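The values are calculated or read from the model by the stated rules, or taken from the named source; none is laboratory data. Everything numeric here is computed off the predicted structure, so don't read it as measured data. Don't worry about glycine lacking a Cβ; one is built from the backbone with ideal geometry, like all the others, and counts go over all protein chains shown.
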Amino acid sequence: MNMHHFKLYDFDGGIHPEQNKSQSTQLPITAAKIPQKLILPIAQHIGAPGNPVVKPGDKVLKGQVIAKGEDFVSCNLHAPTSGIVGAIEDREVPHQSGMSATCIEIITDGKDTWIDHQGLDNYLESDAASLIDCIAQAGISGMGGAGFPTHVKASIPASKINTLIINAAECEPYITSDDLLMREYAMDIIKGIEILQRILLPEQCYIGIEDNKPQAIEALQIALKENLDDTHNIHVVVIPTKYPSGGEKQLIQILTGKEVPVAGIPADIGIVCQNVGTVHAIYQAVALGIPLISRITTITGDAVSSPQNYQVLLGTPVTDVLSQANAKPNKIKRLIMGGPMMGFTIASTDTPITKTSNCIIAASDQELPDPAMEQACIRCGMCTQACPAQLLPQQLYWFAKSSNLEQAQAHNISDCIECGACSYVCPSNIPLVQYYRFAKGEIKQAKSDKKSSEQAKLRFDIRNARLDRETAEKDAKRKARAEAAAKKQAAKKTAPPVTSVSGDATAEPSVDTEALKQKVLAAQTRVDKARERLAMAQEQNLETADALELGLNKQIDKLTAAQKSLEEAKS
Amino acid sequence: MNLLNISSPHATRSGNTGNVMLTVLLALIPGIITLSYFFGPGHLIQICIASATAIGCEALVLHLRKKPIGFYLKDYSALLTAVLLAISLPPYAPYWVTMVATLFAIVIAKHLYGGLGQNPFNPAMVGFALVLVSFPVEMTTSWSAPSALLENGIGVAQALEIIFSSRETIDAITMATPLDLYKNQVEIATASEIYQNPLFNGPNHEASIALGWQWVNVAFLLGGAFLLWKKIFTWHVPVSLLLSLSLLSIFIGWDSDSYVPISLHLFAGATMLGAFFIATDPVTASTTPLGKLIYGAGIGVLIYIIRTWGSYPDAVAFAVLLMNFAAPLIDQYSQPRTYGHKKAVRGLAKKD
């Protein structure tokens, strides 16, 4: 361990908010009680939601799969304890918008009966594919906040990776779940890192940890020393406490001096980043066969009498764990899931804990008072000093305020990580990040509007082309009929009626092709109409688009068949 | 339980714009005390006149604009403008000069442009420039001699009389400023001859730069250092301003027999006040790190040019105003490189 000579880099900006971490580090991690019912959103990760594989009334065992992630970027979900499946319906889920989404309810039986489970034997000798499969089966997604499916990140070809970074910075105030996890499960974490090393084959591995967690640092160092598999190349790198050092991009910059290229991912510069909690979940899944069914969550805030970290079953309603921590409901003014810088408020205490819920802050009015009145921006530039992305927050504010989306984009608003450092320092109490979210939303809307107007134009053009063709065809038919009638007239005049027998004989096949031609035209019209409907459905992002596409293909088949028989009839 | 539902960040640093302005006012106190110690109570009286005028004008305009008066007065920006203006003006200028300057600063330069944060020009300097070009006699003959050179000093009663009613006794206490004196005499005299004037070395010929003024500048420098420490502004503007002014003074004005020497440029005029309190006004300055360096350096260069070849002995106001014009353009071409980008964006996005 060459910890003493490790060269650290700094990132621009950053702030030093009051940490408020010591409140929740006084007591060890305690298991939260099994609540009467669990509410499990089928989407607790980024990507496609899992598909429920149980029905209301089914009996489930602890660790049993209840929703399967069928897409690659998706996650399995397991029953956190034994019980009976209640409703499968929309419930309020943890989300910035306070939206509802499909949840599986489990009425717990209190027996906590496990399904058969076991880890991989000799997992450090297993091949990468079976390790990744094991992680995927266990339904692990990033536990630091974003919730990206871990098996997807682990599937990046090892040849592209030279550095594995374990994010143990935990830079947001109040949150101590990773701190306590490292203090109590340091050895498991080291073993989890070894599993990732086995998969990704990095040349080096750094655990980036802020210097405000001395006990966790010591625990990790002891675990590294005690670990018998001495071939590891793992370094505990202590970094200065500064928010947001735990932002993935910032931590990479601190440890390597490199920047993740714009619109790129860390793998583009040979780096994979995993949260320390995720690493622990990997160890549990691979070594013990325990899927991701619980997590460590910090329960803190002034309205909580005994703040501490709990091991909480996923799906536990916030209210249950709050009451276990002796929260005073009347004192709660703001209930935050996550940290005070990037977390979001939840409107109801029935909201469940999910795979990404690292902290619940039950804040009192004194602790987080109502936002102060917004004053005029005096362009003091404190926001620019604080921005870790080297943006010009103040310029972005003016552009967002005047809906000047073009300039906002030119000033790289999309590179804003919404860390909130600018709002934190603003002496005029301007909610800057909210302005940026507004502008980002408007930009997204404008882009999708543009796309759908392009599609509408396409649809319009297709329709016009069809109408033109139909008119042309009608004209042609009318003309043909008129010509045929004229011919008949002429024939009647010039030829004696007896010769008409042979004339009829030659005319007969032409009637046959005429009918086929009609058929082809009708098929063509149907194809055109189907194409229009499909374009319309795609434009409105309707789910029926797939079915319509199928229908269109059938119509095209029919058209080809009709054309073929016409060709045959002609020849 | 009625839960507050708002988006992040939830934690913010306490304080508001008013705290920033008050901190700057606090940092001005050593300078104001030094000014009063060396030049009598003139500046204190001017501060009172300007402050009363500024607050009155601010309240009136806020009323006309149908804005909450108390809320906006509490940002103390009008008070700060008034104080900066008052200590820039000659201490014994007639009261109406100060009032006109303040009224113009608050009503025209600030509120007609949209109020705090919207004004492109430093209001105090706009007010100063207006009275400087409009009332040249009052503005050049109202500088007092350092009290040490006057037999009885300057009393409060005498100061009030000069400022408010009779200007008969003003000749007894006024004198040219050291920068003015040096500039006018350097064409006919050598440096050592000029330095014979007690305005530089005092009545007892102790070695110093400019009697009184040097300590005033030191006091403003200290106040500025305090604001740097409090992170009210960054080092970029004052450092680049002082650096460019110093470099020009050294390379062009190395011969003190022909040009005003660097010591006087830095410590005999309004340089430190300008560098730390005027040029750093965030509303009218450049906002990007590189932009601030360009902006500050530009002010330093203009100060030197106007002082050396222009007709005004001190030049902070015009230099700052000229660079105020350039600040928005500088900002557009000095954007920092955003994280993850190969290079910085220059200029605004092109219109389609």
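Give me the residue from region B:75-112 that is aromatic (Phe, Trp, Tyr) and surrounded by fewer than 24 Cβ atoms within 10 Å (Cβ to Cβ) and, out of that set, nearest to the other protein chains (Cβ to nearest Cβ). Please lay out each step first, then the result.
To start, the set of residues in region B:75-112 that are aromatic (Phe, Trp, Tyr) comprises B:76, B:92, B:95-96, B:104.
From what's left, surrounded by fewer than 24 Cβ atoms within 10 Å (Cβ to Cβ): B:76, B:95-96, B:104.
On the way: B:Tyr76: 11, B:Tyr95: 30, B:Trp96: 30, B:Phe104: 21 Å.
So, considering only residues that are aromatic (Phe, Trp, Tyr) and surrounded by fewer than 24 Cβ atoms within 10 Å (Cβ to Cβ), the one nearest to the other protein chains (Cβ to nearest Cβ) is B:Tyr76.
Which residue is nearest to A:Glu367 (Cα to Cα), if the candidates are limited to region B:1-19 and must be at the interface with chain A (Cβ under 7 Å from one of its Cβ atoms) and in contact with a Phe, Trp or Tyr (Cβ under 7 Å, 6 or more places away or on another chain)? Selected residue: B:Ala11.
Is one or more of the residues making up region A:237-250 of a type in the set (D, E, K, R) and under 26 Å from A:Leu292 (Cβ atoms)?
The initial filter retains those residues of region A:237-250 that are of a type in the set (D, E, K, R), namely A:242, A:248-249.
Of the ones still in play, those that are also under 26 Å from A:Leu292 (Cβ atoms) are A:248-249.
The answer is yes, given that some residue of region A:237-250 is of a type in the set (D, E, K, R) and under 26 Å from A:Leu292 (Cβ atoms).
Every listed requirement among (1) out of contact with any helix residue (DSSP H, G or I) (no Cβ under 8 Å at 6 or more places or on another chain); (2) of a type in the set (D, E, K, R); (3) away from chain A (no Cβ under 14 Å) is met by B:Asp257 save one, (1). Among the numbered conditions (1) under 23 Å from the mean Cα position of the chain (by Cα); (2) at the interface with another protein chain (Cβ under 7 Å from one of its Cβ atoms); (3) in a loop (DSSP other than H, G, I, E, B), the only one that A:Ser357 does not meet is (2). Filtered by the rule that a residue be among the small types (Gly, Ala, Ser) and touching a helix residue (DSSP H, G or I) at 6+ places or on another chain (Cβ under 7 Å), region B:84-135 gives B:Ala86, B:Ser88, B:Ala93, B:Ala101, B:Ala105, B:Ala109, B:Ala124, B:Gly127, B:Ala129.
So is B:Asp314 in contact (Cβ under 8 Å) with a residue 24 or more places away in the chain, surrounded by 17 or more Cβ atoms within 10 Å (Cβ to Cβ), of a type in the set (Asp, Glu) and within 13 Å of chain A (Cβ to nearest Cβ) or not? Break it down into steps so the answer makes sense when it comes.
On the way: in contact (Cβ under 8 Å) with a residue 24 or more places away in the chain: yes; surrounded by 17 or more Cβ atoms within 10 Å (Cβ to Cβ): yes; of a type in the set (Asp, Glu): yes; within 13 Å of chain A (Cβ to nearest Cβ): no.
Criteria not met by B:Asp314.
Could you go through region A:321-332 and let me know if any residue there is within 13 Å of chain B (Cβ to nearest Cβ), in contact with a Cys (Cβ under 7 Å, 6 or more places away or on another chain), touching a residue at least 40 places away in the same chain (Cβ under 8 Å) and closer than 28 Å to B:Asn5 by Cβ.
No; the residues of region A:321-332 include none that is within 13 Å of chain B (Cβ to nearest Cβ), in contact with a Cys (Cβ under 7 Å, 6 or more places away or on another chain), touching a residue at least 40 places away in the same chain (Cβ under 8 Å) and closer than 28 Å to B:Asn5 by Cβ.
Which of the residues spanning region A:223-262 are among the hydroxyl-bearing types (Ser, Thr, Tyr) and surrounded by fewer than 22 Cβ atoms within 10 Å (Cβ to Cβ)? Answer for region A:223-262, where residues must be among the hydroxyl-bearing types (Ser, Thr, Tyr) and surrounded by fewer than 22 Cβ atoms within 10 Å (Cβ to Cβ): A:Thr231, A:Thr241, A:Thr256.
Each residue in region B:20-49 was checked for being under 18 Å from B:Phe226 (Cα atoms) and either among the hydrophobic types (A, V, I, L, M, F, W, C) or within 14 Å of chain A (Cβ to nearest Cβ) (or both), and 12 pass. If you go through region A:333-348 and keep only what is outside any strand (DSSP E or B) and either without any contact (Cβ under 8 Å) to a residue 24 or more places away in the chain or at the interface with chain B (Cβ under 7 Å from one of its Cβ atoms) (or both), you end up with A:Lys333, A:Pro340, A:Met341, A:Met342, A:Gly343, A:Ala347.
Per-residue answers, yes or no, for (1) in contact with a strand residue (DSSP E or B) (Cβ under 7 Å, 6 or more places away or on another chain); (2) within 10 Å of chain B (Cβ to nearest Cβ); (3) modelled with pLDDT of 90 or more:
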position	(1), (2), (3)
A:Ala363	yes, yes, yes
A:Gly381	no, yes, yes
A:Cys387	no, yes, yes
A:Lys401	no, no, yes
A:Asp415	no, yes, yes
A:Glu418	no, yes, yes
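Taking the condition out of contact with any Gly (no Cβ under 7 Å at 6 or more places or on another chain), touching a residue at least 24 places away in the same chain (Cβ under 8 Å) and farther than 25 Å from B:Met175 by Cα, does B:Phe226 pass? Against the criterion (out of contact with any Gly (no Cβ under 7 Å at 6 or more places or on another chain), touching a residue at least 24 places away in the same chain (Cβ under 8 Å) and farther than 25 Å from B:Met175 by Cα), B:Phe226 qualifies.
Within region A:252-294, the set of residues being within 14 Å of another protein chain (Cβ to nearest Cβ), over 21 Å from the mean Cα position of the chain (by Cα) and not hydroxyl-bearing (Ser, Thr, Tyr) comprises A:Ile252, A:Gln253, A:Ile254, A:Gly257, A:Lys258, A:Glu259, A:Ile269. When the residues of region B:114-159 are filtered to those that are buried (at least 16 other Cβ atoms within 10 Å of the Cβ) and within 14 Å of chain A (Cβ to nearest Cβ), the one that is nearest to B:Thr280 (Cα to Cα) is B:Asn122.
For region A:433-453, the set of residues classified as without any contact (Cβ under 8 Å) to a residue 12 or more places away in the chain and within 7 Å of another protein chain (Cβ to nearest Cβ) consists of A:Gln434 only. Restricting B:Leu221, B:Leu227 to those that are in contact with a helix residue (DSSP H, G or I) (Cβ under 6 Å, 6 or more places away or on another chain), modelled with pLDDT of 80 or more and under 18 Å from B:Leu35 (Cα atoms) reduces the list to B:Leu221. Considering region A:197-222, the residues that are in a helix (DSSP H, G or I) and touching a Phe, Trp or Tyr at 6+ places or on another chain (Cβ under 9 Å) include one that is surrounded by the fewest Cβ atoms within 10 Å (Cβ to Cβ), namely A:Arg198. In region A:91-140, which residues are farther than 18 Å from A:Val318 by Cβ, surrounded by fewer than 13 Cβ atoms within 10 Å (Cβ to Cβ) and under 17 Å from the mean Cα position of the chain (by Cα)? Result: no residue meets the conditions.
Inspect all residues belonging to region A:362-380 and state whether any of them is in a strand (DSSP E or B) and of a type outside the set (Asp, Glu). Please lay out each step first, then the result.
From region A:362-380, those in a strand (DSSP E or B) are A:362-363; that's our starting set.
Of the ones still in play, those that are also of a type outside the set (Asp, Glu) are A:362-363.
Yes: one or more hits.
Scanning region A:101-125 for residues that are assigned to a strand (DSSP E or B) and closer than 18 Å to A:Ile34 by Cβ turns up A:Cys103, A:Ile104, A:Glu105, A:Ile106, A:Ile107, A:Thr108, A:Trp114.
Evaluation of B:Ser240 against the conditions (1) in a loop (DSSP other than H, G, I, E, B); (2) of a type in the set (S, T, N, Q); (3) away from chain A (no Cβ under 14 Å) shows that the sole unmet condition is (1). Annotation: B:Gly269 fulfils all but one of (1) surrounded by fewer than 24 Cβ atoms within 10 Å (Cβ to Cβ); (2) over 28 Å from A:Cys426 (Cβ atoms); the unmet one is (1).
Only a single item in (1) within 20 Å of the chain's Cα centre (by Cα); (2) within 14 Å of chain A (Cβ to nearest Cβ) is not met by B:Ala52, and it is number (2). Of the residues in region A:525-543, not one is in a helix (DSSP H, G or I) and farther than 20 Å from A:Asp461 by Cα. Against the criterion of being of a type in the set (D, E, K, R) and at pLDDT 80 or above, A:Asp504 does not qualify. Of A:Ile430, A:Ile413, all but one fail to be of a type in the set (Val, Ile, Thr), farther than 26 Å from B:Tyr113 by Cα and touching a residue at least 24 places away in the same chain (Cβ under 8 Å); the exception is A:Ile413.
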